[in-house]
Amino acid sequence: MKALPPDQATLEYLAKRVGRVHLRQRLGIERDNDAMIHSRGAGFFHIENWYSIHSLIRWALRLTGMHARGRRNSLAIRVTRQDVHLPTLPRVFDGFTILQISDLHVDMHGEYLDALIARVHDLHYDLCVLTGDYRYRTYGPWEASVAGMERLRAHLKDPIYGVLGNHDSIHMVQRFESAGVRMLLNEAVRIERGDEVLHLAGIDDAHYYGVDNIEKASQDIPHGACAIMLSHTPETYQHVAHAGFDFMLCGHTHGGQICLPGGIPILTDARCPRRYARGLWRYHDLIGYTSVGAGSSIVDVRLNCLPEVVLHRLICGNESSAD
């Protein structure tokens, strides 16, 4: 059989994974995004793409003497630990710990990746999840971000699952999976312990690309089974809750990144109430956690909002009934 050219081989691989319609949609939107940015169209004027504004923010921070402190903060990655009580969690998974890393933007600057590797290297967990935004920019070359992720992956324990964010290209998927990171593109997997199962689903980016499909991701999850959803953005919280998921892990907002004293975000760039933009929250029976992210976007500073990686320890039963 004649070997396919590299680009065609990648497209065939992706088409088998996500379906040809989904692939055409995402690739088409990626091309439209690039065209709008380079022609200074509507997409260019989004703050993430307006790079003269990035320079203005850096200048303002330097003028006020806050840039150096904010950059030091961006490297001070903390480990957030929390217990999550899930009534439907099988007893054999009691104490099961998930490491969540979100919004890495690994190609922003080299010092950051070294700091992140140092922070996660010795952590203990059963499962690692990555909730999107691996690239700094929202368009253009993605190879440097994948190379950074491959370097980080060597310091993470198996198994590792991830979803794409609004900064990411679907072209990155095959390289991620070759490195041992299973990407969930409107899909679900079974995490098994003995005869018991914990279901883990993930959807494609809903914030910009709008190609999330919760129905497809949950089609093989039995009604009433314990199920966790990975979504890059918390904006899907209503649909995830009413689909019957127990726990949702997301990011995207950076918690504001540059916040007022007390951690009050100035901007969150998410179409949802601010109470869902950072930390632990609940909507009906759904428990959610929005990470403030491990990296930085737009500018490499953090003010009143330190970066984080999160260890979620799952506990059987309701919190009120815990010993």
Given a Förster distance of 41 Å, report the FRET efficiency between Ile29 and Arg190 from their Cβ-Cβ distance, rounded to the nearest 0.05.
0.85
Which FRET efficiency, nearest 0.05, do Ala68 and Leu123 yield, Cβ-Cβ r, R0 22 Å?
0.15
Local electrostatic count at Pro87 - Lys and Arg +1, Asp and Glu -1, tallied over other residues with Cβ under 13 Å:
-2
Total charge of the residues flanking Ser102 in space, meaning their Cβ is under 9 Å from its Cβ, with Lys and Arg +1 and Asp and Glu -1, is -3
Given H placed on each backbone N at 1.01 Å, which residues far from His105 in sequence or on other chains put an amide H within less than 5 Å of it?
Tyr134, Arg135
Restricting attention to the range 187-258, which trypsin sites (Lys or Arg not before Pro) occupy a DSSP loop and are surrounded by at most 11 other Cβ atoms within 10 Å?
none
Give me the dipole magnitude in Debye, nearest 20, for the chain about the Cα centre, with unit charges on the beta carbon: positive for Lys and Arg, negative for Asp and Glu.
860
Rounded to 5, percent antiparallel among DSSP beta bridges of the chain:
40
Dipole magnitude (debye, nearest 20) for the range 72-194, charges at Cβ of Lys, Arg, Asp, Glu
140
What are the radius of gyration and Dmax of the chain, computed over its Cα atoms and given in Å?
19.3, 64
Taking H as built 1.01 Å from N, whose amide H comes closer than 5 Å to the amide H of Glu187, not counting residues under 5 places away?
Gly202
For the range 254-323 and the range 86-128, distance of Cα centres in Å:
15
For the chain, averaging the sequence separation of alpha carbon pairs under 8 Å that lie six or more residues apart and dividing by its residue count, the contact order in percent is 24
Helix-derived [θ] at 222 nm for the chain: sum -39500 (n - 2.57) over DSSP H runs of at least 4, divide by residue count, nearest 500?
-8500 deg cm²/dmol
Net charge near Leu27 (other residues with Cβ under 14 Å of its Cβ; Lys, Arg +1; Asp, Glu -1) is -3
Residues of the range 225-246 with the amide nitrogen closer than 19 Å to a label point 7 Å from the Cα of Asp285, along Cα-to-Cβ, please.
225-230, 237-246
Report the FRET efficiency, 1/(1 + (r/R0)^6), for Asp94 and Asp114, where r is their Cβ-Cβ distance and R0 is 35 Å, rounded to 0.05.
0.50
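Every number in this text was worked out from the coordinates using simple rules, so none of it is lab data. Remember, predicted model here, so these are calculated numbers, not experimental data. When we count neighbours, we look across all protein chains shown, and the Cβ atoms used for this are built from the backbone with ideal geometry, even at glycine.
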